[in-house]
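J.: This is the structure I want to talk about, given as C-alpha cells.
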Amino acid sequence: MSSLTVHAGGLDLQNPVLLAAGILGTTGASLRRAALAGAGGVVTKSLGSVPREGHHGPTVVAVECGLLNAMGLPNPSYRNFQEEIEIARKGGRPVIASIFGSSAREFSQIARGLKADAFELNLSCPHAEKYGSELGRYPEMVESVTGAVKAAADVPVWVKLTPNTADILELGLAAQRGGADAVVAINTLKAMAIDIETGYPILGNRFGGLSGRAIKPVAVRCVYDLAAGLDIPVIGVGGITSWEDTVEMILAGASAVQVGTALQRGYGIFEEITVGLARYLERKSLTLEELRGLAGRRS
Ligand code: RRO
C-alpha cells in the first residue's frame with residue numbers, strides 16, 4: 001500500500017483526510033469515533049469565549065446537491081470543552097480546535113486558555129454578526145488575528161478562509177503574513193432557500209452557508225489559486241465526497257483535505273477515501289507529494 005503519511009501545517013498526519021469543523025465535532029466521543037474510523041485528524045465545532053445557543057431554527061435544510069445551514073455558532077464555550085478534547089485525543093489522532101472571536105484579543109485569549117494540537121481560526125462563518133467572515137473578509141483583520149494567535153499559542157495555527165470574496169488569495173497572503181502554518185479553504189458559501197408555499201425564507205436566520213457537492217468546484221478553484229500563490233500549505237475542504245474528489249483537491253495543490261457534509265453517509269467515508277487514494281497512488285506510481293499540485297504544473 002502507498003504511504004499516506006504527510007507533514008502538513010505543522011502536524012504529522014497518518015493520512016491527509018481529516019474531519020472538517022462543525023460536523024460531529026461537538027463532543028469528545030464523536031471526535032474520537034471519527035479518529036478511530038480512520039480520519040487523519042479531527043477538527044472541533046467552533047468554540048467561542050462564552051456559551052452560545054445559536055440561531056433560531058430551522059438551522060439546516062437539504063437543498064439541491066448540498067446542505068444549507070445557519071447554526072449560528074452554537075457551542076458550550078472553550079472553558080467547558082477541554083475535557084471533550086482529552087476524550088477526542090484518545091482516538092490517537094491530532095485534535096484541532098476551531099475557535100472564533102470578535103477581535104484579535106478574544107481569539108488570542110481563547111488560544112491561551114485551551115489546549116489542543118493545533119488551532120483553526122474561524123474567520124469565515126458566513127452568517128454570524130461580528131464573527132467569521134465579518135472579520136475575515138478584511139485582509140488586515142486576517143493578518144492581525146493570525147499574528148495575535150501565533151504570539152499566544154505554542155501549537156500550529158491554521159486559518160480557515162471565506163470564499164465569499166472577490167480574491168481569496170489576498171486573504172491567504174494576509175494569513176501567511178500573520179504567520180499562519182496553513183490555510184484551510186473553503187468555509188460555506190453564503191446562500192438562501194425560500195419556501196414557495198409560505199413565501200418565507202426557510203432558515204430561521206433567513207440566509208446561511210451552502211456546503212456539499214454543489215460547492216466542490218468553487219473549493220477546487222480556491223485551493224488552486226491559494227496553492228499557486230502561497231508558500232504555506234493549503235488544506236482543501238468543500239464538497240469532498242469520494243477518493244476521486246480527494247485526488248482532485250490534491251492535484252489542485254492541497255496538502256490535506258477535510259470532509260464534512262459527506263459524513264451524512266457515515267464514519268466509513270474515511271476508510272473509503274484513504275483506501276481509494278492509496279490504490280490510486282499505487283496505480284499511477286506516484287507519491288502523495290508528487291501528486292500535490294500536479295494540475296498547476298501542467299502546461
Ligand atoms: O455554526 C455555524 O452556523 C457555521 C459556522 Br461556525 C461556520 O463556520 N460555517 C457554517 O456554515 N456554519
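Every read-out reported here was derived from the displayed coordinates using simple, explicitly stated rules and does not represent laboratory data. Note that the structure is predicted; figures quoted are calculated from it, not measured. Cβ atoms come from the backbone with ideal geometry, glycine included; neighbour counts cover every protein chain shown.
J.: Extending each Cα 7 Å along its Cβ direction at Q264 and E64, get the distance between those two points in nm, one decimal.
T.: Rounded to a tenth, the inter-label distance reads 1.5 nm.
J.: Per the Kirkwood treatment, what hydrodynamic radius in Å, one decimal, follows for the chain from the mean inverse distance over all distinct Cα pairs? Mind showing how you got there, number by number?
T.: Values: mean 1/r = 0.0533 Å⁻¹.
By the Kirkwood definition, the hydrodynamic radius is 18.8 Å.
J.: Expressed in nm to one decimal, what extension gain is obtained for the pair I194 and S77 from 0.36 nm per residue of sequence separation less their Cα-Cα distance?
T.: 38.9 nm
J.: Relative contact order for the range 6-298: what is it in percent, counting Cα pairs under 8 Å that are at least 6 residues apart? Don't jump to the answer; show the numbers that get you there.
T.: On the way: 733 pairs, mean separation 52.5, N = 293.
Rounded, it is 18 percent for the range 6-298.
J.: May I ask for the Rg/Rh ratio of the range 67-108, computed from Cα atoms with Rh as the Kirkwood radius, given to two decimals? The partial results should precede the final answer.
T.: Working: Rg = 12.9 Å, Rh = 12.4 Å.
Rg/Rh: 1.04.
J.: Moving on to the next point. Once you have the Cα-Cα distance between H7 and D231, take 0.36 nm times their residue separation minus that, and quote the gain in nm to one decimal.
T.: On the way: separation 224, 0.36 × 224 = 80.64 nm, distance 1.45 nm.
Contour length minus Cα-Cα distance gives 79.2 nm.
J.: For a paramagnetic label modelled at 7 Å from the Cα of L36 toward its Cβ, which residues of the range 67-92 fall within the zone defined by backbone nitrogen distances under 17 Å?
T.: In the range 67-92, the label zone of L36 (backbone N under 17 Å from the point 7 Å along Cα→Cβ) covers 84-92.
J.: At a temperature of 25 °C and a viscosity of 0.890 mPa s, determine how fast the range 73-140 diffuses translationally according to Stokes-Einstein, using the Kirkwood radius over alpha-carbon pairs as Rh; express D in µm²/s, rounded to the nearest whole number.
T.: Values: Rh = 12.8 Å.
Estimated via Stokes-Einstein, D reaches 192 µm²/s.
J.: Additional query: What list do you get for C65, C125 if you sort them by fewest beta carbons within 10 Å? Provide the component values of the computation, followed by the final result.
T.: Numbers: C65 13, C125 28.
Ordered by Cβ neighbours within 10 Å, fewest first: C65, C125.
J.: Treat every Asp and Glu Cβ in the range 6-298 as -1 and every Lys and Arg Cβ as +1, leave all other atoms uncharged, and give the resulting dipole magnitude about the Cα centre to the nearest 20 debye. Numbers along the way, then the final one.
T.: Numbers: 28 positive and 29 negative charges, 54 e Å.
For the range 6-298, the charge dipole is close to 260 debye.
J.: Now for a separate question. So which trypsin sites (Lys or Arg not before Pro) in the range 207-299 pass both tests, a DSSP loop state and at most 16 other Cβ atoms within 10 Å of the Cβ?
T.: On the way: sites: R213, R221, R265, R279, R283, K284, R292, R297, R298; in loops: R292, R298.
Counting only loop positions with at most 16 other Cβ atoms within 10 Å, the trypsin sites (Lys or Arg not before Pro) in the range 207-299 are R298.
J.: Let me ask you something else. Return the calculated 222 nm mean residue ellipticity for the chain, to the nearest 500 deg cm²/dmol, obtained by summing -39500 (n - 2.57) across DSSP H runs with n ≥ 4 and dividing by the residue count.
T.: Numbers: 11 runs with 103 residues, N = 299.
-10000 deg cm²/dmol, from helical runs alone.
J.: Excluding T44 itself, what net charge comes from residues whose Cβ is under 13 Å from its Cβ, given Lys and Arg +1 and Asp and Glu -1?
T.: Details: positive: R32, K45, R89, R93, K115, K160; negative: E83, E84, E86, D117, E120.
Its environment carries a net charge of +1.
J.: Along each of the three principal axes of the Cα atoms of the range 10-160, give the extent in whole Å, ordering the values from largest to smallest.
T.: Computed over the Cα atoms, the extents are 41, 36, 27 Å.
J.: Another question, then. Could you give the length gained on full extension between A166 and A151, defined as 0.36 nm per residue of separation minus the Cα-Cα distance, in nm? Before the final figure, lay out each step's value.
T.: Values: separation 15, 0.36 × 15 = 5.40 nm, distance 2.92 nm.
My answer for the length gained is 2.5 nm.
J.: If you take the beta carbon distance between K115 and H56 as r and set R0 to 25 Å, what does 1/(1 + (r/R0)^6) give as a FRET efficiency, to the nearest 0.05? Display every interim value, and only then the final one.
T.: On the way: r = 33 Å, r/R0 = 1.32.
Efficiency, rounded to the nearest 0.05: 0.15.
J.: Shifting gears a bit: If we count every other residue with Cβ under 15 angstrom of R298's Cβ, Lys/Arg +1 and Asp/Glu -1, where does the sum land?
T.: On the way: positive: K284, R292, R297; negative: E248, E290.
Every neighbour counted, the sum reads +1.
J.: Now for a different question. Excluding residues on the same chain fewer than 8 positions from K160, give the lysines whose Cα lies under 27 Å from its Cα.
T.: K45, K90, K115, K130, K150, K190, K216
J.: In addition: For the range 211-295, count the residues as N, evaluate 2.2 N^0.38 Å, and divide the Cα radius of gyration by that value, please. Intermediate values should be presented prior to the final figure.
T.: Working: Rg = 12.3 Å, N = 85, 2.2 N^0.38 = 11.9 Å.
Cα Rg divided by the expected 2.2 N^0.38 Å: 1.03.
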